[in-house]
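Accompanying notes for the structure given below.
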Amino acid sequence: MPSWEIPKEAPSSTGGGFLILSADTNHLQNSLVEPIKSLGQFSLKESRDRPAQIAKYLLLDEARMTGLTFLGTSGSVLTKERMCAGILFEDKLIDVGFGVLVNLVKSGARLDSINDVYISHTHSDHIGDFTGLIWAMAMENRTKPLRIVSSASTAAALKKILGLQSTPPSFVKFEIAFVRPEDASVKWVTTIHDPENLAYRFQTERGDLVYIGDTAKSEKISEFARGCDLLILDATFLDGQESLAAVTLHSTARDAGNMAKLARARRLVLTHISPGNEGAEKRYLAEASASFDGRIVVAKDHQRLPV
């Protein structure tokens with residue numbers, strides 16, 4: 001079995017070029033976006049002839065740097081409308097559940113622009129496309145390092161999965177560094193879930209983004225997320241499904257609203273929607289807003305939000 005060992009030294013996270021966000025702009029013409037890896041590749045003539053297109057390009061890059069894209073918003077299994085957990089945030093991919101790789105490619109993102117992959121835990125709806133992501137990067141002849149941020153137990157599982165799925169190190173020409181959150185200088189906390197789930201807190205100039213992953217309701221989560229700008233919370237279930245939430249260690253929309261209120265978050269995003277609750281977005285909003293009076297969004301695949 002191939003051996004995927006933790007390197008002695010983890011690479012630092014560096015900038016990864018431009019990312020084209022095209023879904024809301026009718027997919028910019030290939031003649032403009034495909035050859036471009038940096039603004040420096042525009043010639044003076046192009047700058048004079050296509051100022052509007054270049055301005056649009058710059059706006060898209062600014063959106064990438066200050067926003068996030070939901071690549072998967074379903075819990076447990078994917079549906080026709082929702083893939084499993086995954087978010088693209090700057091040069092980071094947060095979780096990579098089933099179907100996330102497809103939506104990542106559809107988003108217009110360059111795989112080479114991703115420097116870090118943050119994994120919350122080892123349930124398949126959060127790591128189902130992990131090997132596929134590594135293979136896709138290898139097929140694009142990636143050479144720069146990729147950093148995987150997770151708990152020690154999750155790192156061990158991911159390395160084992162790469163081996164079990166016959167991913168030979170000789171095929172992957174880039175370094176995969178498995179590191180702990182403290183090595184990535186990101187705040188984290190364990191949530192109420194089994195297996196062990198890590199929540200992450202990312203600092204930005206416009207406020208903090210907190211991604212919880214999976215959790216049962218807990219004041220610990222509210223304390224960790226206190227004062228954040230954007231809180232992304234597990235809201236798998238609805239009223240009347242509390243017993244399912246308790247057994248599976250997940251939260252309801254009402255739980256999410258209560259945790260966001262205690263955290264004094266500015267905005268709340270409900271995600272990890274149970275497939276059985278597809279189409280119940282109004283109920284999700286109503287139940288979460290019973291206690292939280294900030295802005296609430298029920299996340300959808302391909303949706304983009306500013307940070």
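Quick notes on this one:
- Residues of the stretch 105-157 satisfying the condition of being polar (S, T, N, Q) and without any contact (Cβ under 8 Å) to a residue 60 or more places away in the chain: Ser124, Thr131, Asn141, Thr143, Ser150, Ser151, Ser153, Thr154
- Residue count for the stretch 239-253 satisfying the condition of being under 23 Å from the mean Cα position of the chain (by Cα) and not small (Gly, Ala, Ser): 4.
- The set of residues in the stretch 134-166 being surrounded by 20 or more Cβ atoms within 10 Å (Cβ to Cβ) and assigned to a loop (DSSP other than H, G, I, E, B) consists of Ser150, Ser151.
- Selection status of Leu285, in a helix (DSSP H, G or I), in contact with a Ser or Thr (Cβ under 9 Å, 6 or more places away or on another chain) and surrounded by fewer than 19 Cβ atoms within 10 Å (Cβ to Cβ): no
- Residue within the stretch 169-179 that is of a type in the set (A, V, I, L, M) and in contact with a Pro (Cβ under 6 Å, 6 or more places away or on another chain) present: yes
- Lone qualifier among Glu223, Glu205 - being more than 23 Å from Ser76 (Cα to Cα), of a type in the set (Asp, Glu), outside the structural domain of Val100 (by TED's automatic domain parsing) and outside any loop (DSSP other than H, G, I, E, B): Glu223
- Residue that is surrounded by the fewest Cβ atoms within 10 Å (Cβ to Cβ), among those in the stretch 80-92 that are under 13 Å from Asn103 (Cα atoms) and in contact (Cβ under 8 Å) with a residue 12 or more places away in the chain: Glu81
- Filtered residue count, the stretch 209-230, keeping only those that are acidic (Asp, Glu) and closer than 23 Å to Leu93 by Cα: 2
- Search result, residues across the stretch 239-285 that are of a type in the set (A, V, I, L, M) and out of contact with any helix residue (DSSP H, G or I) (no Cβ under 6 Å at 6 or more places or on another chain): Leu244, Ala245, Ala246, Val247, Leu249, Ala260, Ala265, Val269, Ile273, Ala280, Leu285
- Selection count where residues are among the acidic types (Asp, Glu) and touching a residue at least 40 places away in the same chain (Cβ under 8 Å), scope the stretch 256-293: 2
The values are calculated or read from the model by the stated rules, or taken from the named source; none is laboratory data. These numbers come from a predicted model, not from an experiment. In this analysis, Cβ positions are derived from the backbone assuming ideal geometry, glycine residues included, and neighbour counts consider all displayed protein chains.
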